[in-house]
Amino acid sequence: MRKIILADHAGFCFGVKLAVDGIAEALEKNCDDWSIGMPIHNPQEVARLCAKGLKIASNVEEIPCGARVFIRAHGEALSVLKELQAKDAHVVDMTCPFVQRAQARAGELSTQGYHVVLLGDIRHPEIRSIQGHVDGSIDVVADEADVAKLSKMRRVALISQTTQREELLASVASALVPKTEELHVCNTVCRATVERQDAVRGLAGKVDGLVVIGGHESANTAKLRDIGLACGMDVIWIENIGEFDGRWLMGKDRIGAAAGASTPEWLITEVCNKIARM
Ligand code: SF4
């Protein structure tokens, strides 16, 4: 059998586990249960929740009045919560506490007069939810090149999407220094993200290739792939075993396995067991 070395930290983080367990438990009570968008970025786990009765709406308009609505781990903008209130929805807030912290810091610092610079992926729901807690001026940047396009500002608060790399947060902070008189940096990268990224670095040099398991929409899974590549590993990123091309295993004996924070344990076990037997 092929040797599979699983990263020290892999799969569900605290925030995703809290959301998935909470939703699964609530679904037992058979209500009209909705989520706006996927509650977590893992299609296979979301399909499991949908089979238990969860319905996914693409926006608030699709939610029937009076329905029960789960706010996903990435959170929602305050305006969305107000719209749900107006529809008399029963809101069950599953926003991860670390995302709530980033939302709160962005909101507070904006109120104190800081221009908020948010490091992250502008299309990601977590970024939209943090943006939606800021009343004042805000910019979203993906890297130092985006910072170079900003004009000079007097007071800046830098907040990070929870799944960014701390190294990138540090270089974006450095790039902001010449742009402002006062810079307030909040390290809102969550511990689970750092642990999963460090665990991938820990596999470098010990494996012949790295299989990253997780949803293709998952930002933190994408970072694990990037870190594996930056460490010089041969990386393959799959959502499930059906996507795996066995030819990738040619000449490889020791396979590292890493999984994003929204990848369930049952999926990791299935992938590792099947690859070990190939
Ligand atoms: S990755 Fe971090 S911030 Fe995101 S849900 Fe998990 S614990 Fe929360």
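The values are calculated or read from the model by the stated rules, or taken from the named source; none is laboratory data. Just so you know, these numbers come straight off a predicted model, no measurement behind them. Methodologically, a virtual Cβ is constructed for each residue, glycine included, from the backbone with ideal geometry; neighbour enumeration extends over all protein chains shown. The area values use the complete protein model at the heavy-atom level, side chains included, leaving out ligands, DNA and RNA. Shrake-Rupley method; radii C 1.70, N 1.55, O 1.52, S 1.80 Å.
The table that follows gives values for the structure above.
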read-out	value
Criterion (crowded, with 17+ Cβ neighbours inside 10 Å, among the charged types (D, E, K, R) and in contact (Cβ under 8 Å) with a residue 24 or more places away in the chain) met by exactly one of 182, 265, 239	239
Some residue of segment 126-133 being in the same structural domain as residue 32 (by TED's automatic domain parsing), touching a residue at least 12 places away in the same chain (Cβ under 8 Å) and not in a helix (DSSP H, G or I)	no
Any strands (runs of 3 or more DSSP E) falling wholly within segment 18-125 and containing at least 1 residues that are touching a residue at least 40 places away in the same chain (Cβ under 8 Å) and open to solvent by 10 Å² or more (accessible area, probe 1.4 Å)	33-36, 68-71, 90-93, 115-119
